[in-house]
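J.: One structure follows; several queries about it will come next.
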Amino acid sequence: MYHRYSLNPRFIEIGAGFGMTTSRLMMLFPLSKFVIIDLFPNCSLAYIFLSAMFGTDQVQLVTEHDSHSFKDFKENKSRCLIIPPWLVKFLNDNADVVINTMSFQHMNINNLIFYDHLMNHAKVKYLYQVNRTIKKDLEDITIANQPWVHRSQVLHQSNLFPNTAHMEQFSRLS
């Protein structure tokens with residue numbers, strides 16, 4: 001059973017897959033708002049999973065932008081908004097925490113710069129991530145070389161998975 005917190009931080013999860021991390025956080029923070037940004041097939045999976053867990057009134061999948069796209073989320077009718085990357089430019093909300101587990105490591109520098117701009121625009125205070133510390137492929141960007149490193153202060157860091165090159169890191173962004 002999860003302890004429920006009365007805090008209500010706003011979360012963005014980049015690369016959420018089917019939404020397991022967000023589902024756990026939705027249980028822990030019942031007053032919080034969540035935005036999931038992922039490739040479209042994963043957005044669909046996350047919508048199916050999170051709707052089954054929390055109900056279709058709490059989860060909103062938006063795939064095209066129009067005047068009503070973000071209405072339920074902005075009016076606090078839904079707690080979780082799921083969007084593909086091409087709709088990020090229409091987000092006008094700030095966020096407290098960005099979460100990324102093992103997908104920044106698969107992105108090229110242009111993708112990471114895109115998300116760095118998002119974090120700046122949304123005035124994100126903290127970044128939690130689990131990603132590789134070494135290159136597996138030529139275009140991999142390690143944690144130490146991510147574009148936001150110059151404006152982050154590591155608050156916690158650990159080798160989450162012994163005998164792998166994956167680092168868990170929680171940082172304050174400025």
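The values are calculated or read from the model by the stated rules, or taken from the named source; none is laboratory data. Note that the structure is a prediction, hence the values are computed from the model and not measured. With ideal geometry, Cβ positions are generated from the backbone for all residues, glycine too; neighbour counts draw on all protein chains shown.
J.: Exactly one condition in (1) among the polar types (S, T, N, Q); (2) in contact with a strand residue (DSSP E or B) (Cβ under 8 Å, 6 or more places away or on another chain); (3) modelled with pLDDT of 95 or more is not met by Ser78; state its number.
T.: Single failed check for Ser78: (3).
J.: How many of the residues in the range 160-173 are over 17 Å from Met107 (Cα atoms) and either under 18 Å from the mean Cα position of the chain (by Cα) or not in a loop (DSSP other than H, G, I, E, B) (or both)?
T.: 6
J.: Do you know which of the residues in the range 43-77 that are among the small types (Gly, Ala, Ser) and over 15 Å from Ile12 (Cβ atoms) is surrounded by the fewest Cβ atoms within 10 Å (Cβ to Cβ)?
T.: Ser67
J.: Still on this model: Got a sec? Which of Asn110, Asn100 is part of a helix (DSSP H, G or I) and under 22 Å from Leu173 (Cα atoms)?
T.: Working: Asn100 fails: part of a helix (DSSP H, G or I).
Of the residues listed, the single one that is part of a helix (DSSP H, G or I) and under 22 Å from Leu173 (Cα atoms) is Asn110.
J.: Return the only residue of Gln129, Gln157 being polar (S, T, N, Q), part of a strand (DSSP E or B), without any contact (Cβ under 8 Å) to a residue 40 or more places away in the chain and not assigned by TED's automatic domain parsing to the domain that holds Glu13.
T.: Checking each option against the conditions leaves just Gln157.
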